[in-house]
Amino acid sequence: MDFSILRGAMASKSYEKIADICDDLMLQAATQGIGFHDDWPYTIHLLGHIYVDDLNSARFLWKSIPSSIKESRPELVAAWKMGQRLWMRDYAGVHEAVRGFNWSPDTCDLVAAFSELYTKKMFDLLLSAYSTISIQDTALFLGINEDDATKYALQQGWTVDPDSKMLTVKKQPIVKEQKLDPSKLQRLTEYVFHLEH
């Protein structure tokens, strides 16, 4: 099986393409009757689905992997642990699963990119859901210690009350769409018409 497209996507850090590439390669192998179980990059395939937050496909892939392969690949099991935590919305557990395994050189960049993306996603969730939140809860959601969570929030323009250990969320300004006034459009049309004639 030719994994050059997959290697290229990994090398260029195009992690959002990994799941689709692996799915296509698996389909090609299946239609050509090529056996692929033993040398298939299941961990990268599973992490690809997790990276794009396609948990249904990740679960389907996990269920289709032979038990003997699951038992012989601890990194695959560690990747699935991340998927399980995501499925259960165990926000802190996702970070624990990421940090709880010594990832191989083949997967460590992909896992680090996922972790960064996931932290940003959690921060955006906090931004939209809270006006104030405790430093402790912020640290839990972001998967970092309280000092780092405070620094991160302050860098984003939030404020901290050291006495109550609460952060005040700085909401991003809402960009309002300008609606075109029909009368202005009519005047503009008449003006352009006048210029042309």
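If the condition is being at pLDDT 90 or above and either surrounded by 10 or more Cβ atoms within 10 Å (Cβ to Cβ) or touching a helix residue (DSSP H, G or I) at 6+ places or on another chain (Cβ under 6 Å) (or both), then region 157-181 contributes 157, 158, 159, 160, 161, 164, 165, 166, 167, 168, 169. Look at region 12-23: where a residue is touching a residue at least 12 places away in the same chain (Cβ under 8 Å) and a partner is outside any loop (DSSP other than H, G, I, E, B) and aromatic (Phe, Trp, Tyr), sitting 6+ places away or on another chain with Cβ atoms under 8 Å, you get 15/51; 15/114; 16/51; 18/51; 19/51.
When the test is whether a residue is of a type in the set (Gly, Ala, Ser) and over 15 Å from the mean Cα position of the chain (by Cα), residue 72 passes it.
Going by what's in this entry, would residue 184 be described as farther than 20 Å from residue 94 by Cβ and either in a loop (DSSP other than H, G, I, E, B) or at pLDDT 95 or above (or both)? It is false that residue 184 is farther than 20 Å from residue 94 by Cβ and either in a loop (DSSP other than H, G, I, E, B) or at pLDDT 95 or above (or both). If you go through region 80-98 and keep only what is without any contact (Cβ under 8 Å) to a residue 24 or more places away in the chain and either exposed (fewer than 14 other Cβ atoms within 10 Å of the Cβ) or under 20 Å from residue 169 (Cα atoms) (or both), you end up with 88, 89, 90.
For region 107-122, the candidate set comprises residues that are at pLDDT below 95 and charged (D, E, K, R); within that set, the residue that is farthest from residue 138 (Cα to Cα) is 116. Is it the case that residue 151 is charged (D, E, K, R), under 25 Å from residue 51 (Cβ atoms) and either in the same structural domain as residue 82 (by TED's automatic domain parsing) or assigned to a helix (DSSP H, G or I) (or both)? No, not satisfied.
The values are calculated or read from the model by the stated rules, or taken from the named source; none is laboratory data. Note that the structure is predicted; figures quoted are calculated from it, not measured. Note that each Cβ is placed from the backbone with ideal geometry, even for glycine, and that neighbours are counted across all protein chains shown.
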